[in-house]
Amino acid sequence: MLKKTGLPALLICCLITCFSCKKGDPESLENPPAETGLVCETGVTSGTLTTQSIGPAGGTVKSDDNRLQLTIPAGAFASEQSIQIQPITNTNPGGVGEAYRILPHGVTFSKPVTLTFQYKNEELAGSSYRALCIATQNEKGIWVAPAGAQTDTSAHTVSIQTTHFSDWSFMESFRLVPELAIVEPGASQDLEVQQFFAEDLLAPLTKDAEVIAPKSAGNYLKKWNLGGEGDLLPLGNKASYKAPAAIPARNPVAVSVNMEYQGKAFLLVSNIYIGRDGVNIRINNGAWLWGPAEMGVMKGPEFFLVQGTIFTNGTNFYGLATIQWPLSSYSGASYGWNYKTPGFLFSTPTASEQYNHFHVVPPGVQQLSPGEIRILKFGKIGEPVIGIFHMSRAGKVLPNNGGNPYVGVVPIEGFFKVRRSS
């Protein structure tokens, strides 16, 4: 059993990917052959449609979220084409963030078109840049990653050339599952390294690869590690982490695993937050505070909202923490703080002490705090929504402090796991 090593917790966030698939063999729904491409449902529209006309001169088209770019060379089209990029739910088991439907289908290209996905380092939580691929869903419903994708770690992009438009997904060929978890004090969390191809674990792929049902990648596993408090029990291809009885000062803890494939060594990291369902926050590096969110995650006309009734020592009411983020939310979404949304407010019952996601500098100019909110899992109504957030320069406000209520800045961090109510 591994205990309390000095390995620093790597504060990487990740996205938790939801997928909905069905097996290709109807007679073996529970246990399909591990090497068989997985038949998945078609994604449904989930974001803002982008439409742009591109003619024989070529050009570029970007998705509304700027995450996907099409580069169309001169001469690719013989005539003017109306190109559309529609975000859709990602049903790829190894998918990261949303997938995209590129239209029109059936257009003939004289030259290949380049698809480029932009990624953030935080999206590599539980994985590695060596795992990054791009996949398209074929007519059978199987996601297939073509060979030849190129990763630019400086620009944080992955690109592939194609001669057809269809549904496309950014994905990882393997990851440590879960990439991030919230575990109550004293509870346990199982972990496993999974891969989504039968072979050719690392990118760039040397041949086209069908996405399979997740299977253990334990053949490449060398060593489990624990950074932070608690106990880690290695179990070969898997491991079990047991949280300490109380929330530790360093939160999250990091469970990592050393991997090696074809002479290439790399490290996968899962961050595990110790806390309870509801809203957990820490102000100015103080003690972790918790509160229930009895109204759940609520949908308003312009944003989603969660409110946590925060207590000190678990019983003394301290204040109300309100967190909001855009309606365009999905699993893996991240948003920098904004004056409209997303936003954060903590207020004591009498509003004598407040904290905002912005601060004020002379002569009364508001400045947004660096930081962001990440929606790691965005469940359907009745399912949990999991998110993490941080502000390095949140504004501290004392409304009763005469003519100078803005008294300084403090760091604030937190996480929540709350049932979606609307």
Scan GLN194, GLN189 and give me the residue that is in contact with a Phe, Trp or Tyr (Cβ under 7 Å, 6 or more places away or on another chain), free of Cβ contacts under 8 Å to residues at least 60 places away in the same chain and not hydroxyl-bearing (Ser, Thr, Tyr). GLN194
Enumerate the pairs (first residue in the stretch 316-334 and over 17 Å from HIS390 (Cα atoms); second residue anywhere and modelled with pLDDT under 90 and assigned to a strand (DSSP E or B)) with beta-carbon separation below 6 Å, excluding pairs fewer than 6 apart on the same chain, so at least 6 apart or on different chains. TYR318/THR312; SER331/LYS377
For the subset of the stretch 140-176 comprising residues that are touching a residue at least 60 places away in the same chain (Cβ under 8 Å) and hydroxyl-bearing (Ser, Thr, Tyr), which member is nearest to ASN271 (Cα to Cα)? SER173
Restricting to the stretch 342-387, give me the number of residues that are over 13 Å from VAL306 (Cβ atoms) and among the β-branched types (Val, Ile, Thr). 6
Criterion: farther than 18 Å from PRO93 by Cα, more than 25 Å from the chain's Cα centre (by Cα), at pLDDT below 95 and small (Gly, Ala, Ser) - qualifying residue of SER53, SER28: SER28
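Residue by residue, here is whether (1) part of a loop (DSSP other than H, G, I, E, B); (2) surrounded by fewer than 12 Cβ atoms within 10 Å (Cβ to Cβ) holds:
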| position | (1), (2) |
| --- | --- |
| PRO349 | yes, yes |
| HIS359 | no, no |
| ILE373 | no, no |
| VAL385 | no, no |
| SER392 | no, no |
| ASN401 | yes, no |
| VAL407 | no, no |
| VAL410 | no, no |
| PHE416 | no, no |
State the number of residues belonging to the stretch 306-332 that are under 14 Å from PHE378 (Cα atoms) and in contact with a Phe, Trp or Tyr (Cβ under 7 Å, 6 or more places away or on another chain). 8
Is there a residue in the stretch 217-236 that is at pLDDT below 95 and either within 30 Å of THR309 (Cβ to Cβ) or touching a Phe, Trp or Tyr at 6+ places or on another chain (Cβ under 7 Å) (or both)? yes
Qualifying residues in the stretch 183-199 (those that are among the small types (Gly, Ala, Ser), modelled with pLDDT of 95 or more and in a loop (DSSP other than H, G, I, E, B)) - the one nearest to the chain's Cα centre (by Cα): ALA187
Using the structure shown, decide if PRO204 is within 30 Å of GLU41 (Cα to Cα), in a loop (DSSP other than H, G, I, E, B), outside the structural domain of SER128 (by TED's automatic domain parsing) and touching a strand residue (DSSP E or B) at 6+ places or on another chain (Cβ under 9 Å). yes
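Which members of the stretch 94-114 meet the condition of being part of a loop (DSSP other than H, G, I, E, B) and surrounded by fewer than 20 Cβ atoms within 10 Å (Cβ to Cβ)? Walk me through how you get there before you give the answer.
Of all residues in the stretch 94-114, those part of a loop (DSSP other than H, G, I, E, B) come to 94, 96-98, 104-112.
Those that are part of a loop (DSSP other than H, G, I, E, B) and surrounded by fewer than 20 Cβ atoms within 10 Å (Cβ to Cβ): PRO104, HIS105, GLY106, VAL107, THR108, PHE109, SER110, LYS111, PRO112.
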Note on the stretch 146-164: residues outside any strand (DSSP E or B) and either in contact with a Lys or Arg (Cβ under 8 Å, 6 or more places away or on another chain) or buried (at least 23 other Cβ atoms within 10 Å of the Cβ) (or both) are ALA147, HIS156
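Is it the case, given these coordinates, that LYS242 is surrounded by fewer than 23 Cβ atoms within 10 Å (Cβ to Cβ) and under 23 Å from VAL96 (Cβ atoms)?
no
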Picking from VAL255, VAL211, VAL269, VAL279, which residue would you name as being modelled with pLDDT of 95 or more and closer than 30 Å to PHE346 by Cα? VAL279
Hits in the stretch 115-145 (condition: assigned to a helix (DSSP H, G or I) and surrounded by fewer than 16 Cβ atoms within 10 Å (Cβ to Cβ)): ASN121
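The values are calculated or read from the model by the stated rules, or taken from the named source; none is laboratory data. Since the structure is predicted, the reported quantities are computational estimates derived from the model, not experimental observations. Every residue, glycine among them, receives a Cβ derived from its backbone with ideal geometry; neighbour counts consider all protein chains shown.
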